[in-house]
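Peer 1: There's a structure below that I have some questions on.
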Amino acid sequence: MFNEFPDVLTMDDMQKALGIGRTMAYRLINNGRIKHMRIGKAIKVPKQFLVDYIYSECYNDSVETGYLPQHKEAV
């Protein structure tokens with residue numbers, strides 16, 4: 001998952017990986033939905049934290065709706 005991205009993502013990388021805009025990316029970071037670290041003023045997101053976020057969102061959706069999404073292999 002996210003093989004084309006480096007192991008530690010910048011905010012721009014995270015936006016591209018999730019297909020979201022700048023405002024939503026900062027909202028996810030500031031609300032603590034995506035774990036991150038700060039190096040100086042820069043926000044860095046280890047790829048594993050992004051993967052954890054994706055899986056936690058899938059789990060939360062399935063618990064709330066009773067629907068477990070099917071994982072499809074990329075072709």
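Peer 1: With θ set to phi - 60° and the Karplus curve 6.51 cos²θ - 1.76 cosθ + 1.60, what are the ³J(HN,Hα) couplings of the stretch 44-52 in order, to the nearest whole Hz, using x for Gly and Pro?
Peer 2: Per-residue couplings from phi come out as 10, 10, x, 3, 4, 5, 5, 5, 4 Hz.
Peer 1: Given Cα pairs under 8 Å that are at least 6 residues apart, what percent is the relative contact order of the stretch 8-64?
Peer 2: Numbers: 42 pairs, mean separation 20.4, N = 57.
Averaging sequence separation for qualifying contacts and normalising by length gives 36 percent for the stretch 8-64.
Peer 1: Contour minus end-to-end for Glu57 and Met11, with contour as 0.36 nm per residue of separation and end-to-end as the Cα-Cα distance?
Peer 2: Here the segment from Glu57 to Met11 would lengthen by 14.6 nm.
Peer 1: While we're looking at this one, here's another question. How large is the convex hull of the Cα atoms of the stretch 8-64 per residue, expressed in Å³ as a whole number?
Peer 2: 78
Coordinate-derived values only; no laboratory data. Computed from a prediction, not measured in an experiment: that's the story for all the values here.
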